[in-house]
Amino acid sequence: LKNRIKEVIRGEPMKATLQERFLAYIIEVMLLSIILSIISSTSINSSNYSKLLEEQENLISKYSKQEITIAEYQSQAKKLDYEIAKSSYPSTIIGLVMSIAYFIIFQFFNGGQTIGKKLMKIRIRKQDNGILKIQDIIIRTLIINSIITTIVTLIAVLTVNSESYYIIRTVISTAETLFVLVSSFMILYRKDKLGLQDLMTHTEVVKEGNW
């Protein structure tokens, strides 16, 4: 509260809180998930995909009942995850295109706002109040909207075996999770509420109507 009072006194824009950013992101995820589920229903081999999901459920059930060891579970789970990812790659491509179109193109031409940000009344802007460039949006999106992770895992599932795919997915997902956690703590505890993606692109997320 003290920091917000100081911002108002100095005439600076009020920064968006971690909670506001998070709620905006949840809105985006829900919106895109609904659209993707409708579109992808026609792009996935439903019979094979359903069979794989059923096998996955049976595997989890066997492990919970201690009918198989953890080593057996992990070995079979890796192969099933790989087959599920391979079976649903058309849907993954559609989701990737949608994310790029929404988080990069739409957000850039909408002045740094998505639907979620609009509802939360926040937007992205340059820290020096300069012109927000599309490369700023691209870098932010690649980092915090799982674009890099999706691209890498998509390439992996189409080019390597299940063991290599599992290793690549684990490494890239862990790196992304660590980045998001560190950035979240920075936004939460730094006085300027800037995360790693903000510092890398010299941008900030501010309350709408305060600049």
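Per-structure values
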| item | result |
| --- | --- |
| Distance cut-off 26 Å, percentage of C-alpha pairs in the chain lying past it | 46 |
| Calculated FRET efficiency for the pair Val160/Thr69, C-beta based, R₀ 25 Å, to 0.05 | 0.45 |
| Surrounding net charge for Tyr49, when Lys and Arg each add one and Asp and Glu each subtract one, Cβ distance under 14 Å | -3 |
| Given charges at beta-carbon only (K, R positive; D, E negative), |dipole| of the chain in Debye | 980 |
| Rounded Å value of the spacing that divides the Cα centres of the stretch 100-120 and the stretch 145-169 | 27 |
| Spatially proximal lysines relative to Lys79 (Cα-Cα < 19 Å; intrachain offsets below 8 disregarded) | Lys51, Lys62 |
| Probe 1.4 Å, accessible area per residue of the stretch 68-137, Å² | 52 |
| Contour excess over end-to-end distance, with Cα ends at Val180 and Ser61 and 0.36 nm allotted per residue | 39.6 nm |
| Cut-off 11 Å (backbone N to label point 7 Å along Cα→Cβ of Ile148), residues of the stretch 190-206 | 197 |
| The chain - mean residue ellipticity at 222 nm from DSSP helices (-39,500 (n - 2.57) per run, n ≥ 4, rounded to 500) | -22000 deg cm²/dmol |
| Share of carbon and sulfur in the accessible heavy-atom surface of the chain [1.4 Å probe, %] | 63 |
| Partner lysines for Lys117 [C-alpha distance under 26 Å; skip if fewer than 8 residues away on the same chain] | Lys2, Lys6, Lys15, Lys126, Lys133, Lys191, Lys193, Lys207 |
| Accessible surface, per residue, of the stretch 146-211 when the full set of protein chains is kept, probe 1.4 Å, Å² | 54 |
| Relative contact order of the chain, defined on C-alpha pairs under 8 angstrom at six or more residues apart (%) | 30 |
| Cα→Cβ-extended label distance, 7 Å offset, between Leu188 and Leu119, nm | 2.3 |
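The values are calculated or read from the model by the stated rules, or taken from the named source; none is laboratory data. Predicted model only: the values in this text are computed from it and were never measured. Cβ coordinates were reconstructed from backbone atoms using ideal geometry, including for glycine residues, and neighbour counts include every protein chain displayed. Accessible surface is based on the protein model in full, side chains and every heavy atom, while ligands, DNA and RNA are left aside. Shrake-Rupley method; radii C 1.70, N 1.55, O 1.52, S 1.80 Å.
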